[in-house]
1. If I filter the stretch 66-77 for residues that are among the hydrophobic types (A, V, I, L, M, F, W, C) and over 15 Å from the mean Cα position of the chain (by Cα), do I get at least one hit?
2. Taking the condition of being over 17 Å from ILE202 (Cα atoms) and surrounded by 20 or more Cβ atoms within 10 Å (Cβ to Cβ), how many residues in the stretch 9-28 meet it?
3. Can you name every residue in the stretch 126-153 that is of a type in the set (A, V, I, L, M, F, W, C) and in contact (Cβ under 8 Å) with a residue 60 or more places away in the chain?
4. Of everything in the stretch 194-222 that's more than 14 Å from the chain's Cα centre (by Cα) and of a type in the set (S, T, N, Q), which residue is most open to solvent (accessible area, probe 1.4 Å)?
5. Identify, please: which residue in the stretch 83-118 is of a type in the set (Val, Ile, Thr) and within 17 Å of ILE56 (Cα to Cα) and is, among those, least open to solvent (accessible area, probe 1.4 Å)?
6. When only residues in the stretch 179-193 that are within 18 Å of HIS117 (Cβ to Cβ) and part of a helix (DSSP H, G or I) count, which is farthest from the chain's Cα centre (by Cα)?
7. Right, VAL168: of a type in the set (Val, Ile, Thr) and touching a residue at least 40 places away in the same chain (Cβ under 8 Å) or not?
Amino acid sequence: MAIGVKAWQSSFVAHALGVAGAVMVLVWTIHFRGGLAWDSSNKNLIFNLHPVLMLIGFIIIGGQAIMSYKTLPLKKEVKKLVHLVLHAIALILGIIGICAAFKNHNESAIPNLYSLHSWIGIGVIALYGIQWIYGFLVFFFPGGSPGLRSESLPWHVLFGLFVFILAVGNASLGFLEKLTFLENSGLDKYGAEAFLVNFTAIVTILYGAFVIFTVFSQAPQEDEHSYSSI
């Protein structure tokens, strides 16, 4: 099934939104929140790695991995490798981003895993990892039988989109949670930083939407392992 839009057209908008989201989260964490650090006496700098790595590393690169199968005019095996590698990068950066949040909490004597955002986040990263391992074993190496691959593909695609949508929703929940904490600590509710955080969340949602649009758009070349199969 495909909508009457070329995949490259939808992906162009997604790419622009991805760049905008990356710039906005960097401006927020560096300009407004003081910068990024893995080790610092200012524990907020450690936490700042979390939104940067989760948005740029996990969601934006993860979205690029999803779109790569529909937009790149390459051979099937090359697209498969690009898809796999980009998802691996997204997963690794996502794990580091979660570790940064735990590190900040542990060094600041803040409890871990007390919020809905954190619960969903752990679930998403676990599901993402399972999805990647299954995709690697069935579609890449050692590879399942043709029948198994054919039967697994629609479920692999649908499950991957579900996890991606869940990640985008949880990122928005995270922006809301952090902004609420900041506003309760005295941040101006109508100030530049508050507006930046809210608009970053909106851009994140729009990016996710256009990634999904791209998946259901018309690919430049269809094959048996394309998202167009569903």
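1. So the first thing to find is which residues in the stretch 66-77 are among the hydrophobic types (A, V, I, L, M, F, W, C), and the list is 66-67, 72, 74.
When the remaining residues are screened for being over 15 Å from the mean Cα position of the chain (by Cα), the result is 72, 74.
Looking for residues that are among the hydrophobic types (A, V, I, L, M, F, W, C) and over 15 Å from the mean Cα position of the chain (by Cα), one finds at least one in the stretch 66-77, hence yes.
2. First pass over the stretch 9-28, keeping only residues over 17 Å from ILE202 (Cα atoms): 9-12.
After this cut, where a residue has to be surrounded by 20 or more Cβ atoms within 10 Å (Cβ to Cβ) as well, the list is 10-11.
Total satisfying the criteria: 2.
3. Our first condition is that a residue be of a type in the set (A, V, I, L, M, F, W, C); within the stretch 126-153, this holds for 126-127, 130, 132-133, 136-141, 148, 153.
Matches in the stretch 126-153: PHE139, PHE140, LEU153.
4. GLN221
5. First, the residues of the stretch 83-118 that are of a type in the set (Val, Ile, Thr): 85, 89, 92, 95-96, 98, 110.
This time we only want the ones that are within 17 Å of ILE56 (Cα to Cα), so: 85, 89, 92, 95-96, 98.
On the way: VAL85: 70, ILE89: 69, ILE92: 99, ILE95: 78, ILE96: 69, ILE98: 27 Å².
So the residue we want is ILE98.
6. Quick first cut of the stretch 179-193, residues within 18 Å of HIS117 (Cβ to Cβ) only: 179-185.
Applying the additional criterion that residues be part of a helix (DSSP H, G or I) yields 179-184.
Details: LEU179: 20, THR180: 22, PHE181: 23, LEU182: 24, GLU183: 26, ASN184: 28 Å.
Checking each candidate, the answer is ASN184.
7. Working: of a type in the set (Val, Ile, Thr): yes; touching a residue at least 40 places away in the same chain (Cβ under 8 Å): yes.
The answer is yes for VAL168.
The values are calculated or read from the model by the stated rules, or taken from the named source; none is laboratory data. In this text, all values refer to a predicted model and were calculated from it rather than measured experimentally. Virtual Cβ from ideal backbone geometry, glycine too; neighbours counted across all protein chains shown. Heads up: the accessible areas ignore ligands, DNA and RNA and are worked out on the full protein's heavy atoms, side chains in. Shrake-Rupley method; radii C 1.70, N 1.55, O 1.52, S 1.80 Å.
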